[in-house]
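Student: One structure, pasted below without further comment.
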Amino acid sequence: MNNLFTLTAQIAQTGEVRYTPAGIPVLDMVLKHESWQQENGQQCLVKFEMPAKIIGKEALQWQHGQNMMVEITGFLAQRSQRYTRPVLRIQNIQEYKG
């Protein structure tokens, strides 16, 4: 089964880096996307905000990345055992060069 997500977005918000019990850094952020997409032969303006999470050393590198445009790949997973809403788990992130 596939669960691969690719997105170009702006980092709208970053939280504080926190650490797992094993000492692994985790950064929660909110991504903001806006684009025109083709749907059923019509142009459609798409806008949304999405929660995302980076785990590992990249969390430290992106903690001050607010307002940057980025290209992201990752997968969707539920936020936690208690919260089933999806969050984008970022596997690769880089600055968007346009």
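The values are calculated or read from the model by the stated rules, or taken from the named source; none is laboratory data. Everything numeric here is computed off the predicted structure, so don't read it as measured data. No Cβ is skipped: glycine too gets one built from the backbone with ideal geometry, and neighbour counts run over all protein chains shown. Only protein heavy atoms, including side chains, enter the accessible area calculation; ligands, DNA and RNA are left aside. Shrake-Rupley method; radii C 1.70, N 1.55, O 1.52, S 1.80 Å.
Student: Using +1 at the C-beta of Lys and Arg and -1 at the C-beta of Asp and Glu, which of Met68, Pro86, Tyr96 has the Cα lying farthest in the positive direction of the dipole of the stretch 39-98?
Tutor: Pro86
Student: Still on this structure: First obtain the Kirkwood hydrodynamic radius of the stretch 9-79 from its Cα pairs, then insert it into the Stokes-Einstein equation at 20 °C and 1.002 mPa s, and state the resulting D in µm² per second as a whole number.
Tutor: Working: Rh = 13.5 Å.
Diffusion coefficient, whole number: 159 µm²/s.
Student: By a straight-distance test (C-alpha under 18 Å), which lysines pair with Lys32 as possible cross-link partners, with residues fewer than eight away in the same chain excluded?
Tutor: By straight Cα distance, Lys32 reaches Lys47, Lys53, Lys97.
Student: Which whole-number value in Å² is the accessible area per residue of the chain, probe 1.4 Å?
Tutor: Working: 7000 Å² over 98 residues.
It amounts to 71 Å² per residue over the chain.
Student: Nearest 5 is fine: what % of DSSP beta bridges in the chain come out antiparallel, could you say?
Tutor: Details: 35 of 38 bridges.
Counting DSSP beta bridges with both partners in the chain, the antiparallel share is about 90 percent.
Student: To the nearest 20 debye, what charge dipole does the chain have about its Cα centre, counting +1 at the Cβ of each Lys and Arg and -1 at the Cβ of each Asp and Glu? If you can, show how the numbers build up before the last one.
Tutor: Details: 10 positive and 8 negative charges, 67 e Å.
Computed about the Cα centre, the dipole is about 320 debye.
Student: A further question follows. In a Gaussian network model over the chain where Cα atoms closer than 10 Å are linked, find which of Thr84, Thr14, Thr73 has the largest mean-square fluctuation.
Tutor: Thr84
Student: Could you please state how large a percent of the accessible area of the chain is carbon and sulfur, counting protein chains only and using a 1.4 Å probe?
Tutor: Numbers: 3320 of 7000 Å².
Taking all protein chains in place, the chain shows 47 percent carbon and sulfur surface.
Student: Still on this structure, please answer the following. Taking θ as phi - 60°, what are the ³J(HN,Hα) couplings along the stretch 21-27 by the Karplus curve (6.51, -1.76, 1.60), each to the nearest whole Hz, with x for Gly and Pro?
Tutor: With coefficients 6.51, -1.76 and 1.60, one gets x, 7, x, 8, x, 9, 10 Hz.
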